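Asker: Here's a structure for you.
The values are calculated or read from the model by the stated rules, or taken from the named source; none is laboratory data. Everything numeric in this text was worked out from a predicted model, so none of it was measured. Positions of Cβ are backbone-derived with ideal geometry, glycine not excepted, and every protein chain shown enters the neighbour counts.
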């Protein structure tokens with residue numbers, strides 16, 4: 001007997017097929033005519049398949065009439081045209097097997113609706129809900145598009161290390177990784193913990209960015225990207241921060257800042273186009289139930305070219321806007337969310353790429369412009385969410401890089417291999433970073449970042 | 001001016017094109033006729049592009065004639081048919097720009113050949129070598145095939161957590177993750193380190209497997225896979241072990257052990273077929289320079305069906321083989337490498353899937369067979385390397401699972417959410433794990449696992 005997914009069985013092309021469908025019961029409704037409607041979902045799509053199970057089934061009275069939300073079943077029968085609304089097909093059951101029951105009063109998802117906060121406590125059951133199922137399908141589609149986009153363009157996926165002894169300057173606080181006995185670590189003569197006897201014979205940490213290692217591979221193999229977990233040990237409990245998140249970071253030899261902007265814009269447009277094409281049912285759900293602004297926001301990504309302007313011009317626009325901002329605008333300071341929103345939402349009504357930021361607010365590795373005051377940094381700002389991508393052309397000149405490191409108090413010895421990339425066959429190169437979870441939030445309209453990752457890691461929370 | 005990769009410029013279809021090619025010099029050879037042959041590589045393929053640079057270039061005497069290995073250049077000119085052997089095309093330079101020099105006596109890759117051991121010390125430069133470039137292109141192709149295979153079949157990529165408070169029993173020693181001050185951690189009244197004040201308010205670790213969390217998603221959304229970094233804090237310095245490696249773990253609701261074997265076999269055949277189709281030049285290099293057995297070994301994967309037999313029958317075959325093994329064979333003990341090799345290489349001459357292993361040598365979560373002595377485990381053994389995939393049908397019955405946990409001294413409280421999956425709508429399900437680096441070793445013939453990952457993490461080594 002062929003096995004069909006719920007998605008396949010809901011398609012009109014399945015009408016007439018003998019098939020088996022397997023999944024979990026969402027609801028059961030008994031008709032007076034001696035049969036029941038059993039809604040079955042298997043995660044292949046948002047909608048359920050309606051199963052018609054009648055009293056001709058041997059286990060109708062004993063089992064079918066006791067089915068509750070969460071029970072797992074296999075149903076064999078014929079796919080028929082459905083008279084019901086919202087569905088083209090239904091499955092007339094000739095046989096229904098119950099694999100597992102879900103005790104009604106114990107099963108947490110039995111009762112009607114739960115808040116997203118409550119569902120986080122049941123992270124092992126929440127993928128069985130409509131919302132989390134839809135989020136995970138869109139998250140998967142975005143992740144797949146990330147790979148497709150780069151692979152089709154000849155990029156190599158490079159697995160940069162998770163455990164590192166380097167500290168990508170300024171990116172954030174780090175988690176320590178160790179196998180020393182925390183109760184009683186070995187100590188040196190001065191009484192300090194002897195990390196020479198730790199697993200890696202030195203202090204080691206979880207990565208905050210794969211960029212520096214990505215540059216190693218870009219300056220050897222041309223076009224590369226990293227896509228992996230990244231960590232920040234920051235004690236921030238906000239709807240936009242996780243201690244563990246996934247980040248994609250392309251890095252391209254011979255690219256300058258304009259190439260980098262072009263790549264970022266093509267990249268975002270491609271992801272959004274793929275989601276709109278392939279996740280229509282899930283996106284309609286987000287638009288209706290989660291965020292009525294989500295579809296208009298995505299359409300702004302695909303609609304036209306992103307606005308591009310230097311940071312300095314943006315500051316002038318903001319100063320002349322006549323708008324009352326909570327935080328003052330002044331050249332040399334980072335823009336605040338309210339400023340970014342004014343630019344994308346009020347002034348331009350489109351995504352905006354700001355570039356050439358003051359060197360004082362950016363890390364050491366960005367290419368210094370001829371003005372000596374700005375660096376070739378760029379931020380892509382999206383209406384509704386603000387910064388979604390940050391990147392730069394990297395400083396390829398050994399002498400300028402060393403001077404910037406000295407300015408920021410960084411030791412050349414710690415970055416010997418990074419400097420070697422400039423010492424031997426240096427090339428202009430550029431790259432950027434996109435946080436996957438921020439992109440999923442942007443795409444689905446989910447307000448809290450904890451609800452767009454399977455198992456969120458935040459201060460005080462590493463369950464499951 | 002259009003930009004061509006070296007790969008594109010080497011293709012006969014490029015003949016006649018005006019183009020720019022950018023990359024790194026591999027060698028320079030001067031002709032007496034007033035011109036030089038400059039071999040340029042950009043990572044897009046193993047082979048170099050031959051550039052003909054003549055004294056008509058303004059910088060011929062001052063720059064071109066000083067080019068050495070490692071210098072970065074852009075060359076603009078016309079692609080012409082080449083009379084040289086091993087190449088269809090060459091680039092006649094009209095302009096050659098040097099971006100970065102590589103001081104001959106300082107550049108480590110200047111001198112002729114280095115051992116793979118030596119190259120590990122220069123992990124920031126070794127992707128510029130032929131061998132590492134080829135490894136990374138094949139590694140990328142395998143990684144891409146892993147995603148393609150599952151995505152085309154409707155699987156969802158699920159990002160299971162890297163930091164975890166759970167311990168996937170028996171999988172191996174774990175790294176601790178912490179933000180406590182190691183010199184002077186907070187202590188409780190009994191004087192023990194107070195992990196309640198650590199970042200996650202409890203002891204936390206790096207994951208050794210995403211399987212248990214993968215089961216959460218499979219029993220909600222049907223077909224899922226994880227693909228991410230995995231960690232073992234084992235002090236083993238072998239050519240087959242890393243402290244940090246990438247693992248792919250599919251998990252499928254309603255699959256039994258036979259389905260699981262079918263999936264694993266299709267999966268391996270697909271990866272190998274993709275590599276053979278797309279990486280011909282790199283594979284010829286591995287066959288010629290690294291391992292003359294690599295191609296015959298891969299052809300055994302694609303050639304026919306894998307042999308499948310129960311562990312018990314394999315033990316009987318080994319006992320009756322008349323072979324003198326170093327380690328004795330006896331029912332109930334794990335097979336040793338020599339036994340696996342005899343089965344795959346001598347007896348069957350093909351990949352072998354062994355299944356139904358003694359329960360005593362397998363973890364608690366595997367489905368117990370009706371004989372009460374074996375579990376639905378499977379190992380895929382490949383000629384030349386031994387076990388490459390391990391998996392099982394999972395125990396879906398709550399009572400049997402609890403009994404197995406009790407046997408192995410595991411606490412139900414620690415696994416409350418894993419037990420809930422059996423309490424609420426349990427289904428048969430199965431999955432397996434494949435280590436990416438083992439697969440890259442198998443595919444390329446590289447002897448040491450440190451040479452198939454960009455930045456190997458091993459005891460005492462976390463540089464870069």
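Asker: Just a yes or no: is a residue in segment A:89-112 under 31 Å from the mean Cα position of the chain (by Cα), closer than 18 Å to residue B:217 by Cα, outside any loop (DSSP other than H, G, I, E, B) and at pLDDT 90 or above?
Answerer: Let us first name the residues in segment A:89-112 that are under 31 Å from the mean Cα position of the chain (by Cα), namely A:107-112.
Okay, now just the ones that are also closer than 18 Å to residue B:217 by Cα, so A:107-109.
Cutting the leftovers down to outside any loop (DSSP other than H, G, I, E, B) gives us none.
Within segment A:89-112 (the criterion being under 31 Å from the mean Cα position of the chain (by Cα), closer than 18 Å to residue B:217 by Cα, outside any loop (DSSP other than H, G, I, E, B) and at pLDDT 90 or above), the answer is no, since none of the residues qualifies.
Asker: Take residue A:271 and tell me if it is touching a residue at least 12 places away in the same chain (Cβ under 8 Å), in the same structural domain as residue A:151 (by the TED database) and surrounded by 20 or more Cβ atoms within 10 Å (Cβ to Cβ). Even if it seems obvious, please write down each step before you answer.
Answerer: Numbers: touching a residue at least 12 places away in the same chain (Cβ under 8 Å): yes; in the same structural domain as residue A:151 (by the TED database): yes; surrounded by 20 or more Cβ atoms within 10 Å (Cβ to Cβ): yes.
Judged against the criteria, residue A:271 is a match.
Asker: Name the residue, out of A:13, A:44, A:36, that is over 33 Å from the mean Cα position of the chain (by Cα) and over 23 Å from residue A:104 (Cα atoms).
Answerer: Values: A:44 fails: over 33 Å from the mean Cα position of the chain (by Cα); A:36 fails: over 23 Å from residue A:104 (Cα atoms).
After ruling out the rest, the residue left standing is A:13.
Asker: Would a scan of segment B:25-43 turn up a residue that is assigned to a loop (DSSP other than H, G, I, E, B), under 24 Å from residue B:128 (Cβ atoms) and touching a strand residue (DSSP E or B) at 6+ places or on another chain (Cβ under 8 Å)?
Answerer: Yes - at least one qualifying residue is present in segment B:25-43.
Asker: Take the residues of segment A:113-149 that are assigned to a loop (DSSP other than H, G, I, E, B) and touching a residue at least 24 places away in the same chain (Cβ under 8 Å): which is farthest from the chain's Cα centre (by Cα)? Lay out the reasoning, then the answer.
Answerer: Here is the first cut: in segment A:113-149, the residues assigned to a loop (DSSP other than H, G, I, E, B) are A:113-115, A:122-125, A:129.
Checking which are touching a residue at least 24 places away in the same chain (Cβ under 8 Å) leaves us with A:123-124.
Values: A:123: 17, A:124: 19 Å.
Checking each candidate, the answer is A:124.
Asker: Given (1) modelled with pLDDT of 95 or more; (2) more than 21 Å from residue B:124 (Cβ to Cβ); (3) out of contact with any helix residue (DSSP H, G or I) (no Cβ under 7 Å at 6 or more places or on another chain), where does residue A:142 come up short, assuming only one miss?
Answerer: Failed condition: (3).
Asker: Out of A:152, A:234, report the one residue that is assigned by the TED database to the domain that holds residue A:408, at pLDDT 95 or above and surrounded by fewer than 20 Cβ atoms within 10 Å (Cβ to Cβ).
Answerer: Values: A:234 fails: at pLDDT 95 or above.
None of the others qualify; the one that does is A:152.
Asker: Same structure, new question: Looking at this structure, is residue B:377 assigned by the TED database to the domain that holds residue B:311, under 26 Å from the mean Cα position of the chain (by Cα) and modelled with pLDDT of 95 or more?
Answerer: Values: assigned by the TED database to the domain that holds residue B:311: yes; under 26 Å from the mean Cα position of the chain (by Cα): yes; modelled with pLDDT of 95 or more: yes.
Yes.
Asker: Quick check, is residue B:304 modelled with pLDDT of 95 or more and more than 21 Å from residue B:143 (Cα to Cα)?
Answerer: Working: modelled with pLDDT of 95 or more: no; more than 21 Å from residue B:143 (Cα to Cα): yes.
Against the criterion (modelled with pLDDT of 95 or more and more than 21 Å from residue B:143 (Cα to Cα)), residue B:304 does not qualify.
Asker: Keeping to segment B:70-81, report how many residues are in a loop (DSSP other than H, G, I, E, B) and either in contact with a helix residue (DSSP H, G or I) (Cβ under 9 Å, 6 or more places away or on another chain) or touching a residue at least 60 places away in the same chain (Cβ under 8 Å) (or both). Outline the logic, then answer.
Answerer: Taking segment B:70-81 first, the residues in a loop (DSSP other than H, G, I, E, B) are B:70-71.
Those left that are additionally either in contact with a helix residue (DSSP H, G or I) (Cβ under 9 Å, 6 or more places away or on another chain) or touching a residue at least 60 places away in the same chain (Cβ under 8 Å) (or both): B:70.
Count: 1.
Asker: Any chance segment A:183-190 includes a residue that's within 21 Å of residue A:231 (Cα to Cα) and surrounded by fewer than 21 Cβ atoms within 10 Å (Cβ to Cβ)? It would help to see each step written out before you state the result.
Answerer: Kept after step one, since they are within 21 Å of residue A:231 (Cα to Cα), are these residues of segment A:183-190: none.
Within segment A:183-190 (the criterion being within 21 Å of residue A:231 (Cα to Cα) and surrounded by fewer than 21 Cβ atoms within 10 Å (Cβ to Cβ)), the answer is no, since none of the residues qualifies.
Asker: Related question: Could you list all residues from segment A:337-376 that are touching a strand residue (DSSP E or B) at 6+ places or on another chain (Cβ under 6 Å) and farther than 30 Å from residue A:411 by Cα?
Answerer: A:337, A:340, A:343, A:344, A:348, A:350, A:351, A:352, A:353, A:354
Asker: Is there a residue being closer than 20 Å to residue B:436 by Cα, at the interface with chain A (Cβ under 7 Å from one of its Cβ atoms), touching a helix residue (DSSP H, G or I) at 6+ places or on another chain (Cβ under 9 Å) and surrounded by 21 or more Cβ atoms within 10 Å (Cβ to Cβ) anywhere in segment B:123-130?
Answerer: yes
Asker: Separate question: Which ranges mark the strands (runs of 3 or more DSSP E) fully within segment B:170-241 that have 3 or more residues being facing another protein chain (nearest Cβ under 8 Å) and touching a residue at least 40 places away in the same chain (Cβ under 8 Å)?
Answerer: Working: elements: B:176-178, B:204-206, B:223-231.
Of the strands (runs of 3 or more DSSP E) lying wholly inside segment B:170-241, those with at least 3 residues that are facing another protein chain (nearest Cβ under 8 Å) and touching a residue at least 40 places away in the same chain (Cβ under 8 Å) span B:223-231.
Asker: Specify which of the listed residues (B:299, B:281, B:293) is within 20 Å of residue B:145 (Cα to Cα) and exposed (fewer than 13 other Cβ atoms within 10 Å of the Cβ).
Answerer: When all the criteria are applied, what remains is B:299.
Asker: Please specify each residue of segment A:245-258 satisfying the condition of being within 10 Å of another protein chain (Cβ to nearest Cβ) and surrounded by fewer than 24 Cβ atoms within 10 Å (Cβ to Cβ). Write out each step before concluding.
Answerer: Taking segment A:245-258 first, the residues within 10 Å of another protein chain (Cβ to nearest Cβ) are A:245-246, A:253-254.
If the condition is that a residue be within 10 Å of another protein chain (Cβ to nearest Cβ) and surrounded by fewer than 24 Cβ atoms within 10 Å (Cβ to Cβ), then A:245, A:246, A:254 are the ones that fit.
Asker: Mind checking which residues of segment B:391-428 are more than 14 Å from every other protein chain (Cβ to nearest Cβ) and crowded, with 16+ Cβ neighbours inside 10 Å?
Answerer: B:391, B:392, B:402, B:404, B:405, B:410, listed by residue number.
Asker: Within the group A:104, A:43, which residue is surrounded by 21 or more Cβ atoms within 10 Å (Cβ to Cβ), in contact (Cβ under 8 Å) with a residue 12 or more places away in the chain and either closer than 30 Å to residue B:399 by Cα or assigned by the TED database to the domain that holds residue A:140 (or both)? It would help to see each step written out before you state the result.
Answerer: Numbers: A:104 fails: surrounded by 21 or more Cβ atoms within 10 Å (Cβ to Cβ).
Sole residue among the options that is surrounded by 21 or more Cβ atoms within 10 Å (Cβ to Cβ), in contact (Cβ under 8 Å) with a residue 12 or more places away in the chain and either closer than 30 Å to residue B:399 by Cα or assigned by the TED database to the domain that holds residue A:140 (or both): A:43.
Asker: Looking at segment A:446-460, which of the residues that are crowded, with 21+ Cβ neighbours inside 10 Å and either out of contact with any strand residue (DSSP E or B) (no Cβ under 6 Å at 6 or more places or on another chain) or free of Cβ contacts under 8 Å to residues at least 60 places away in the same chain (or both) is farthest from the other protein chains (Cβ to nearest Cβ)? Break it down into steps so the answer makes sense when it comes.
Answerer: From segment A:446-460, those crowded, with 21+ Cβ neighbours inside 10 Å are A:446, A:450-457; that's our starting set.
When the remaining residues are screened for being either out of contact with any strand residue (DSSP E or B) (no Cβ under 6 Å at 6 or more places or on another chain) or free of Cβ contacts under 8 Å to residues at least 60 places away in the same chain (or both), the result is A:446, A:450-456.
Details: A:446: 15, A:450: 13, A:451: 14, A:452: 10, A:453: 7, A:454: 6, A:455: 4, A:456: 9 Å.
Top of the filtered list is A:446.
Asker: Could you check, for segment A:51-69, whether at least one of its residues is away from chain B (no Cβ under 14 Å) and at positive phi?
Answerer: Among the residues of segment A:51-69, not one is away from chain B (no Cβ under 14 Å) and at positive phi, which makes the answer no.
Asker: For segment B:150-162, state whether one or more residues are facing another protein chain (nearest Cβ under 9 Å), assigned to a helix (DSSP H, G or I) and either under 24 Å from residue B:430 (Cβ atoms) or without any contact (Cβ under 8 Å) to a residue 12 or more places away in the chain (or both). Spell out how you get there, then give the answer.
Answerer: Within segment B:150-162, the first condition is being facing another protein chain (nearest Cβ under 9 Å), and the residues that meet it are B:151, B:154-162.
Narrowing further to those that are assigned to a helix (DSSP H, G or I): B:151.
Subsequent filtering for residues that are either under 24 Å from residue B:430 (Cβ atoms) or without any contact (Cβ under 8 Å) to a residue 12 or more places away in the chain (or both) retains B:151.
Checked segment B:150-162: at least one residue is facing another protein chain (nearest Cβ under 9 Å), assigned to a helix (DSSP H, G or I) and either under 24 Å from residue B:430 (Cβ atoms) or without any contact (Cβ under 8 Å) to a residue 12 or more places away in the chain (or both).
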